[in-house]
Every structure is written in C-alpha cells, then in structure tokens.
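The values are calculated or read from the model by the stated rules, or taken from the named source; none is laboratory data. None of the values given here were measured: they were computed from a predicted structure. Neighbour counts run over all protein chains shown; Cβ positions are idealised from the backbone, glycine included. Heavy atoms of the whole protein, side chains included, go into the accessibility calculation; ligands, DNA and RNA do not. Shrake-Rupley method; radii C 1.70, N 1.55, O 1.52, S 1.80 Å.
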Amino acid sequence: MKELFFLVSGEHPTLPFYEIRAILEAEGYRYEVLEELTQALRLKADEGCIKRVAFRAAFTRACCLEIFRCKGNHVDIHKRASEAPFEDLLKPGDEFVVRVRRVCGASPHVSALQLERELGDIVLSRAKGVKVNVKRPQKTLFGVLTKDAFILGLRLAEVSPKPFSVNRKPSSRPFSHPSLMPAKLARCMVNLARARENDVVLDPFCGTGSMLIEAGLVGCYVLGSDVKRRMVEGSLRNLSYFGIKPLGMAVADARRLPFPRADRIVTDPPYGRSATTMGLTTRRIVYDFLNEAKDVLQKGGYVCISSPKDVRISDIGCELGYRHVESHFVYIHRGLTREIAVLKKV
C-alpha cells in the first residue's frame, strides 16, 4: 500500500470522492482514506489501482504517487522538497517537468509559476543526470495548492473530461431527449453501484440509454427496459453507435420487470416533467419499482438510483429492507435537486 493522491473535479462536493472509493471497492482494492481536501483525496492503496481509477472515473482529473504533503507556504514547501527522495523517482537521463495547480484560490501568496521553477531547481540539485523538458517530459511532478495544504506527487495518470463532454454529449448521439442524463453523471452512478467487469447491469427506466452506455463501456453486460417503445428503440440506436450489444431490451413497466436477474441496477426514474409517469407520482413509481427489484437483484447487489430530493429514496429503500449506503444531492435548478442514493440488498 502506497500513499496516493487524486485531483478531482470541483463540480460537486461529495460525488468525486465517493466515486473513487466505489471504484476501489468494485475492483477489489483495499484502501485507507488519509485526508479529504478541497478537490484532492489522499489515501493508501495499491499503486495498481490508479490505472483502474483513471479508466473508470468521471470526476477525477489526475492520479499521483504522493511524494510529500505539507502546509501551503513557501517555507514548509521548500523544507519538505529539500528532504524529498527525488533521486529515487527520477533516474539519470530522465526528462521531467514540474506543474502546480491551484484550486479555489488556495494560498494566494504563493506564485504557482515561481514554485514550479523553484521545485525544478531543487529536483535538479538532488537527482543527478536529469533534465527539464517542458514540452514532452517523460515524468511530471504534479503539485496541488489546496486549502491550507500543498501536495506534491509523481503523476501516473491524467484524466481528460473530453470523452464525457465531447464524445458522448447529446448532440453526438443518434437519439436524444430533453430528459437525457449527462454522460459524466451516468458514469459516476455506474461507479457508485460498484459495477464490475462482466456484471449484469440493469436500467429499467433506460430512456436514451445513458446508464447502459456507461456500464457497457466499463465492461458490463447490460439490460434495459422502458415503458415507451420509442425510448427503447432510441436506446438501441445509441448503444449500437457506441458498439455496445445489450443482453436484452424490452418495452416494459419497471414495476413488473421482465428480466430474471441482475447484479447491479442503475437508473433514473421519470420525474413527470419531460418524461412520462403514467399518471402516477414519482414516489409511487420508485416504491413499486424498488419492491419489484428485490426479486431481480442478487443478494449483495447494489442499486444506484436518482430521484427528486422530496421523494426521499433512502427512506423508501430502508422501509423495503435495503441497506442505505450513501446519498448525494445534486442541485439542478430552483425547482429540482436530485438525490442520488446507493442501496444494497442484504
């Protein structure tokens, strides 16, 4: 187990941190959380987990092997840098660069550009035979100025948001709808459900197929259904566009599921705005669906479900015998805040 840190997106206060934990649990990695800072998570885990986090995570931006953590001021940073084992991380002939990111205006008295130069000089004095290469470095020493702290590490992976914001944006799909779930949030929900490669993931309110696309792209088998034929047909077009072949798709009421089993359920039931609720309240739909899902979900399986906050999904889940694992609240607009709840069948 090594000390690692992850720079995460500032788009939500809790989802990025819990997404990383969920990925580690899904992939079978033991971990110990050391500290949560503004947009940075420090933990102990096997270094091999970085490849899986970088591949799966929606809200992570950089994954690093930690070198040191100190207070976010020049004196402490210089002291720790002068003691750091750069000679063990950089070998003769290596070309490196130092990059420093400031989040949320942390340590305004510290110049990030000046700090990059100063740390580069310290590294050159400590690690013999190395060179600075600002354009195409072999290794990047990545520092983060965050609330009251500075963390420096060897960057092992950088995660681009482009696949979510560009490659899988609504306009890039053959079929779209106003109630479409953004790819980034759909991927996060798949991760929160602890979905593993080769798991069967079900979305019984599949809509345009956002959850199924993200589950398929991380190596899961997918099943989907929707009460509207047009949505099922649209989902099939979108899945095909991204090269995903579902195990099955059906036009069906989620309160009477046509599938015998699933390992994980990830879903976003209709809210009655641009999606149909068949004259039922969202709470009634959620209650009946979760009750039905108990017969389909395998023991130990997870449900990750999104619904308006006032539906109180976690309370419904507990009433039906699920264990409430966690909830996150996502503000959409003045009239809607989503609760994203994770429930476990025990």
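Could you give me the residue pairs with C-beta distances under 9 Å whose first residue belongs to the range 25-37 and is over 29 Å from Lys71 (Cβ atoms), whose second residue is open to solvent by less than 60 Å² (accessible area, probe 1.4 Å) and part of a strand (DSSP E or B) wherever it lies, and which are 6+ apart or on separate chains?
Tyr29/Ala45; Arg30/Ala45
Condition first: touching a Phe, Trp or Tyr at 6+ places or on another chain (Cβ under 6 Å) and β-branched (Val, Ile, Thr). Now tell me which residues in the range 74-100 satisfy that.
Within the range 74-100, just Ile77 meets the criteria.
Out of (1) closer than 22 Å to Gln298 by Cβ; (2) surrounded by fewer than 17 Cβ atoms within 10 Å (Cβ to Cβ), what's the single condition that is false for Val200?
(2)
Report, by residue number, each residue of the range 325-345 that is open to solvent by 70 Å² or more (accessible area, probe 1.4 Å) and modelled with pLDDT of 95 or more.
Within the range 325-345, Phe329 is the sole residue that qualifies.
Can you confirm whether the range 277-300 contains a residue that is under 22 Å from the mean Cα position of the chain (by Cα) and more than 24 Å from Lys169 (Cα to Cα)?
yes
Going through the range 191-247 one residue at a time, which ones are under 26 Å from Val325 (Cβ atoms) and without any contact (Cβ under 8 Å) to a residue 24 or more places away in the chain?
Glu197, Asn198, Gly219
List every residue pair whose Cβ atoms lie under 6 Å apart, where the two residues are 6 or more positions apart in sequence or sit on different chains, the first residue falls within the range 114-126 and is more than 13 Å from Phe68 (Cβ to Cβ), and the second residue, located anywhere, is open to solvent by 70 Å² or more (accessible area, probe 1.4 Å) and of a type outside the set (D, E, K, R).
Gly120/Val132
So, restricting to strands (runs of 3 or more DSSP E) that lie completely within the range 187-296, which ones have at least 2 residues that are of a type outside the set (A, V, I, L, M)?
Strands (runs of 3 or more DSSP E) meeting the threshold: 221-226, 262-267.
Assuming Val166 fulfils every condition listed in (1) among the aliphatic types (A, V, I, L, M); (2) touching a Cys at 6+ places or on another chain (Cβ under 8 Å); (3) at pLDDT below 95 apart from one, which condition is it?
(2)
So if I check each of Ser179, Ser171, Ser107, Ser165, which one is open to solvent by 80 Å² or more (accessible area, probe 1.4 Å), small (Gly, Ala, Ser) and either closer than 30 Å to His333 by Cβ or without any contact (Cβ under 8 Å) to a residue 60 or more places away in the chain (or both)?
Being open to solvent by 80 Å² or more (accessible area, probe 1.4 Å), small (Gly, Ala, Ser) and either closer than 30 Å to His333 by Cβ or without any contact (Cβ under 8 Å) to a residue 60 or more places away in the chain (or both) holds for just one of Ser179, Ser171, Ser107, Ser165, which is Ser171.
Out of the range 51-99, which residues are within 19 Å of Lys139 (Cα to Cα) and free of Cβ contacts under 8 Å to residues at least 12 places away in the same chain?
Asp88
Filter the range 112-145 for residues that are surrounded by fewer than 22 Cβ atoms within 10 Å (Cβ to Cβ) and in a strand (DSSP E or B); which is nearest to the chain's Cα centre (by Cα)?
If we take residues in the range 112-145 being surrounded by fewer than 22 Cβ atoms within 10 Å (Cβ to Cβ) and in a strand (DSSP E or B), then Thr140 is nearest to the chain's Cα centre (by Cα).
Condition test on Ile305, is it crowded, with 20+ Cβ neighbours inside 10 Å and either under 20 Å from Glu214 (Cβ atoms) or in contact with a strand residue (DSSP E or B) (Cβ under 9 Å, 6 or more places away or on another chain) (or both)?
It is true that Ile305 is crowded, with 20+ Cβ neighbours inside 10 Å and either under 20 Å from Glu214 (Cβ atoms) or in contact with a strand residue (DSSP E or B) (Cβ under 9 Å, 6 or more places away or on another chain) (or both).
Table: residues versus (1) surrounded by fewer than 17 Cβ atoms within 10 Å (Cβ to Cβ); (2) out of contact with any Ser or Thr (no Cβ under 6 Å at 6 or more places or on another chain).
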position: Lys184; (1), (2): no, yes
position: Ala193; (1), (2): no, yes
position: Gly224; (1), (2): no, no
position: Gly243; (1), (2): yes, yes
position: Arg256; (1), (2): yes, yes
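Could you name every one of the strands (runs of 3 or more DSSP E) located completely within the range 1-103 that has at least 3 residues being loosely packed, with under 15 Cβ neighbours inside 10 Å?
31-37
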